[in-house]
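Here the structure comes first, spelled out in structure tokens, and everything after it is commentary.
The values are calculated or read from the model by the stated rules, or taken from the named source; none is laboratory data. Bear in mind the structure is a predicted one, so any value in this text is a computation, not a measurement. Methodologically, a virtual Cβ is constructed for each residue, glycine included, from the backbone with ideal geometry; neighbour enumeration extends over all protein chains shown.
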Amino acid sequence: MRKKIVAFGEVVWDILADRKVLGGTPSNMVYRCNSFGEEGHLLSRVGNDSLGIQALKRLKELDILVNNVQVDTEFPTGTVNITFDENNEPIFNVTPDVAFDHIEFSPEALKLARNADCLFYGLLPQRFGISKNTIRELIKESAGSCKFFDLKLFQHFFNVAVVEQLLQSAHIVRIKEKEIDFLTGKLGLEKGNLAQFGQQLVDKYKVDVVLITRGPNGVFAFHKEQGEFYDTGYLVEMKDNIGSGMAFAAGFIHYYLNGKPLQEALKFGNAAGALNATKVGATSQFTKDEVLKFIKKTGKKDLEAA
């Protein structure tokens, strides 16, 4: 039976040097969950403007349902200017106070959350009061769902109280390895290796699973009862890594919600993220079978110290 994954948050246009691409962590998550055979639902908001009309059209082309994408008559559709650093890592400059900051708590949103197997949310829509309050209400009203907090940091926004509240609500949290030092300081944790960091999050916030994406070095997981798990990086030629984090998250949650062992979920998610990096864009098309073939035929790196 297909699992229902509800992703809350931003729909934006990513503005690159040579083009604009529809983006946003939640929409990328829904697209990839759908491609793995689950039932993804997007809960977001766009402006009543040309970019909003284009966004709805593009979402439909990607077979993402738009019946829970609200339309705002006051605030514009979100945009993100993307540049790349010396390591080809994207730098996101997000326009403030746009439509996705004002996602309303509605009867439709409530019904969606209450029926969800997984409620997925990130940090970016917590910048302003309306969306921030909406996700808190949805978390409270979806007691039976798995809460997945994607703790990706964004320029110009970090609020310790907000982050800690979302961590306390989460069953699963995903963090980038390169952001651990920053989080360790902000959350008052002790410095240590990945396992020690994961243990502290589990102890302090009662998280079930801590997921850490390590770029080319693969992925790590820490489970509250089973301890630490690793899956090393694949030997691939990267084209870009936009959307690789969501390919990983969608792959992991696909296996996890269907009762697979954590190591298998980590392995499949890692491969999905790596395969995504060999393609261009967050919504490049590939199936579950293609990920499984990728696992069989692609070499892996040696495990690096954590």
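Exactly one residue out of N217, N258 is among the polar types (S, T, N, Q), farther than 27 Å from D181 by Cα and over 18 Å from the mean Cα position of the chain (by Cα), and it is N258. Tell me whether the stretch 140-158 contains one or more residues that are in a helix (DSSP H, G or I) and either of a type in the set (D, E) or modelled with pLDDT of 95 or more (or both). So far as the stretch 140-158 goes, yes, one or more of its residues are in a helix (DSSP H, G or I) and either of a type in the set (D, E) or modelled with pLDDT of 95 or more (or both).
Screening the candidates D101, D97 for the property of being closer than 16 Å to D72 by Cβ and surrounded by 14 or more Cβ atoms within 10 Å (Cβ to Cβ) yields one hit, D101.
Counting residues in the stretch 280-297 that are in contact with a helix residue (DSSP H, G or I) (Cβ under 8 Å, 6 or more places away or on another chain), farther than 22 Å from K3 by Cβ and modelled with pLDDT of 95 or more gives one or more.
Yes or no, residue by residue, for (1) surrounded by 14 or more Cβ atoms within 10 Å (Cβ to Cβ); (2) in contact (Cβ under 8 Å) with a residue 40 or more places away in the chain:
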{"position": "A161", "(1), (2)": "no, no"}
{"position": "I175", "(1), (2)": "yes, no"}
{"position": "L183", "(1), (2)": "yes, no"}
{"position": "E190", "(1), (2)": "no, no"}
{"position": "N193", "(1), (2)": "no, yes"}
{"position": "Q200", "(1), (2)": "yes, no"}
{"position": "Y205", "(1), (2)": "yes, yes"}
{"position": "D208", "(1), (2)": "yes, no"}
{"position": "Q226", "(1), (2)": "no, no"}
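Taking T287, is it surrounded by fewer than 16 Cβ atoms within 10 Å (Cβ to Cβ), in contact with a Ser or Thr (Cβ under 9 Å, 6 or more places away or on another chain) and hydroxyl-bearing (S, T, Y)? So T287 fits the description; yes. Restrict the check to the stretch 252-275 and report whether at least one residue is under 24 Å from K4 (Cβ atoms), assigned to a loop (DSSP other than H, G, I, E, B), at pLDDT below 95 and not hydrophobic (A, V, I, L, M, F, W, C). No - not one qualifying residue is present in the stretch 252-275.
Looking at this structure, is F149 touching a residue at least 60 places away in the same chain (Cβ under 8 Å) and not small (G, A, S)? The answer is no for F149.
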